[in-house]
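A.B. asks: I am attaching a structure below and will ask some questions about it afterwards.
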Amino acid sequence: MSAHPSVGRKPLRFAHRDAQEVANVLTTVGGFHSNEIFVLLDPSPKRVLSVVDAALDHLADDDAPSMLVFYYSGHADERSLFPSGRPLPFADLRKRLERAAVGVRIGIIDSCRGGGWTGTRGLQSSEPFEVQMPFDLSSEGSVLIASSSGLENAHESEALRGGFFTHHWNAALRGAGDVNGDGSITLTEAYEYAKQRTIRDTAMLASTPQHPSFRMNLRGRRDLALARVSADATVLNILQDRGPIQLVHLDTGLVVLELPQGKRSVGLAVAPGRYLLRTKSGDETRAQQIDVAADETTVVREGDLRLVGRDGIVVRNLEPRPSVLSTVPDGRWDLRHSIGRRYGDATDLGFSLGDRADLTLDLSLVHGFGDRWSLNVLSPALAYRGGRRGGTEWVVTAGLAGWGVGVSSVDGALFSGTLRASFDARWWLNPRSSVQTGISFASTFRWSGNEVGNPNTGPDSWRARIGLGYTYTLANAVTLGIGIGYAQNLVRDGEFVRFSHENARASVLTFGSVQSLGFRQRPLIQVHLTDSWALDAFVGVSYDIASREFEEAYAAGFTSVF
């Protein structure tokens with residue numbers, strides 16, 4: 001592979017990198033061992049031919065099915081390649097690559113003309129000629145690929161740090177070209193993926209688009225598998241709903257690959273590191289940062305990508321603080337504690353667990369698993385989040401909202417609690433603000449060892465509550481949350497209750513920090529000390545419509561996500 005300029009030709013910036021990336025892909029997903037690959041940087045023509053001869057002799061002596069892949073990135077004209085700036089006639093390579101003793105021969109050349117700001121690989125003008133591939137192999141078992149046709153230029157890009165065709169070819173073999181999702185990438189799949197994107201990219205940047213050319217002559221085969229993404233390797237599995245999706249390597253800023261539009265599940269063989277997945281639909285850009293660990297499979301759903309900007313402007317913070325998210329992130333814990341005091345008798349403030357007690361205490365420990373499920377450990381309950389985080393999402397919860405045990409001389413052993421089921425929805429207006437609404441149904445129950453004068457009660461009284469809230473984060477440091485709610489008795493002691501004010505606390509309005517999202521009660525003010533710690537302040541007012549009584553409640557506490 002040659003970056004060295006021949007006479008009248010510009011030096012190439014990324015030919016060496018192209019060759020090394022191709023070698024890396026062949027060892028990662030192509031099934032080649034490192035000792036079977038030879039990367040030659042600016043070799044002499046004689047050196048190229050000697051390495052090809054040695055490889056052919058080795059494969060010819062092996063009775064097993066064999067394949068030879070020849071790749072060249074550099075200058076060329078209609079007669080020769082120019083490794084190290086000196087001509088290597090196609091005829092000399094043709095004699096070697098026509099050897100039928102090797103089962104399949106694949107020749108890939110990324111070269112042709114150049115000039116201009118895109119860094120095209122340059123040649124002097126010459127008479128037009130038709131090019132399918134610089135080799136004209138007559139024997140069967142040959143696959144011929146060129147990155148351009150005729151007199152077209154073959155371009156390399158500063159943004160990709162390589163040739164367009166080679167970049168997209170490598171991306172296809174890493175899994176992006178897997179059309180049917182079987183984990184195996186065929187030669188046709190890889191070529192079509194690279195061809196479409198090479199034409200698209202060069203059409204936008206150059207006066208003449210670059211059209212890769214292809215010819216395949218495989219006896220007894222309709223296609224040839226070139227790569228397979230193994231579950232034992234470092235794999236990024238993307239569950240795409242619509243797409244297209246780009247994968248960006250954050251340490252270098254390079255677009256590693258992109259997935260075409262459509263619903264698909266694709267495994268991608270990538271190097272461990274930090275990446276950004278992003279997709280653009282209309283004027284919205286959605287993205288998510290991910291860490292890919294070595295020798296593990298990392299799964300990302302397109303629905304989890306968060307809104308990061310509109311009209312092409314991406315905000316600095318790609319996602320809200322963990323304590324502001326609808327559910328606990330996968331594998332993390334959410335510890336919340338607050339203590340406060342209530343004044344009055346309306347008793348329908350959402351953050352008060354005690355029943356008509358002056359002092360209020362809230363303690364919860366929630367674990368997130370699978371990125372969508374959360375489990376409340378202290379008050380057993382489950383929550384599931386659907387939709388797209390950063391867009392429209394919803395949370396369903398069911399279980400205990402609170403419970404208590406005790407012993408008294410009158411009741412004996414006493415156990416009481418509240419059953420609660422809820423459905424909450426959230427719409428992100430931008431990465432800093434969201435609107436939410438929800439409906440919940442709750443019922444209390446009690447059981448005591450002594451029923452005399454204080455009988456046991458089951459969950460036969462149900463109360464419905466609806467609410468609407470809004471949150472806004474200032475400078476990524478303080479989140480404000482305000483809400484309004486309405487509660488109404490639906491069933492009382494097993495009897496349906498008319499929507500009237502015939503019973504005390506039948507209808508109650510609440511204002512302030514009264515909105516819940518799953519297990520997460522929204523504070524009026526939340527100060528983010530770090531991503532892991534936040535201070536919470538709750539203020540609420542409740543108004544009983546029938547009795548016209550008010551209640552105020554104030555509480556303070558903290559949230560820790562670890």
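The values are calculated or read from the model by the stated rules, or taken from the named source; none is laboratory data. Here the structure is a predicted model, which means the values were calculated and not measured. We place every Cβ from the backbone using ideal geometry, glycine too, and count neighbours over all the protein chains shown.
A.B. asks: One residue is enough: does the range 20-27 have a residue meeting the conditions aliphatic (A, V, I, L, M), touching a strand residue (DSSP E or B) at 6+ places or on another chain (Cβ under 7 Å), modelled with pLDDT under 85 and under 19 Å from W169 (Cα atoms)?
C.D. replies: no
A.B. asks: Okay, moving on. Please count how many residues of the range 189-207 are at pLDDT 85 or above, surrounded by 17 or more Cβ atoms within 10 Å (Cβ to Cβ) and acidic (D, E).
C.D. replies: Looking only at that region, the number is 1.
A.B. asks: Do we have any residue at all in the range 448-457 that's modelled with pLDDT of 85 or more, in contact with a strand residue (DSSP E or B) (Cβ under 9 Å, 6 or more places away or on another chain) and not acidic (D, E)?
C.D. replies: Scanning the range 448-457 turns up no residue that is modelled with pLDDT of 85 or more, in contact with a strand residue (DSSP E or B) (Cβ under 9 Å, 6 or more places away or on another chain) and not acidic (D, E).
A.B. asks: Taking interchain pairs and intrachain pairs at least six residues apart, which have beta carbon atoms under 6 angstrom, with the first residue in the range 319-334 and on the phi < 0 side of the Ramachandran plot and the second assigned to a helix (DSSP H, G or I)?
C.D. replies: P329/P322
A.B. asks: If you don't mind, there's one more thing I want to ask. Can you name the residue in the range 264-296 that is acidic (D, E) and under 24 Å from R242 (Cβ atoms) and, of all such residues, is surrounded by the most Cβ atoms within 10 Å (Cβ to Cβ)?
C.D. replies: Selected residue: E284.
A.B. asks: Answer yes or no: is there a residue in the range 79-89 that is at pLDDT 80 or above, basic (K, R) and out of contact with any Lys or Arg (no Cβ under 8 Å at 6 or more places or on another chain).
C.D. replies: Yes, the conditions are met somewhere in the range 79-89.
A.B. asks: Of everything in the range 509-561 that's among the β-branched types (V, I, T) and buried (at least 24 other Cβ atoms within 10 Å of the Cβ), which residue is farthest from N476 (Cα to Cα)?
C.D. replies: T510
A.B. asks: Taking G31 as the residue in question, decide whether it is over 26 Å from V104 (Cβ atoms), modelled with pLDDT under 90 and part of a loop (DSSP other than H, G, I, E, B).
C.D. replies: Judged against the criteria, G31 is not a match.
A.B. asks: Exactly one of (1) part of a strand (DSSP E or B); (2) of a type outside the set (V, I, T); (3) under 22 Å from T252 (Cα atoms); (4) modelled with pLDDT under 90 is unmet by Y275. Its number?
C.D. replies: For Y275, the exception is condition (4).
A.B. asks: So in the range 367-402, with the set limited to residues that are among the hydroxyl-bearing types (S, T, Y) and farther than 13 Å from D330 by Cα, which one is surrounded by the most Cβ atoms within 10 Å (Cβ to Cβ)?
C.D. replies: This residue is T397.
A.B. asks: Right, here's the next one. In the range 329-396, which strands (runs of 3 or more DSSP E) lie fully inside it and hold 2 or more residues that are aromatic (F, W, Y) and modelled with pLDDT of 75 or more?
C.D. replies: By residue number, 333-344.
A.B. asks: If a residue must be of a type in the set (G, A, S), within 30 Å of S148 (Cα to Cα) and either surrounded by 14 or more Cβ atoms within 10 Å (Cβ to Cβ) or at pLDDT 70 or above (or both), how many such residues does the range 208-247 contain?
C.D. replies: So the answer is 4.
A.B. asks: In the range 177-188, how many residues are farther than 14 Å from S213 by Cα, surrounded by fewer than 23 Cβ atoms within 10 Å (Cβ to Cβ) and not hydrophobic (A, V, I, L, M, F, W, C)?
C.D. replies: 6
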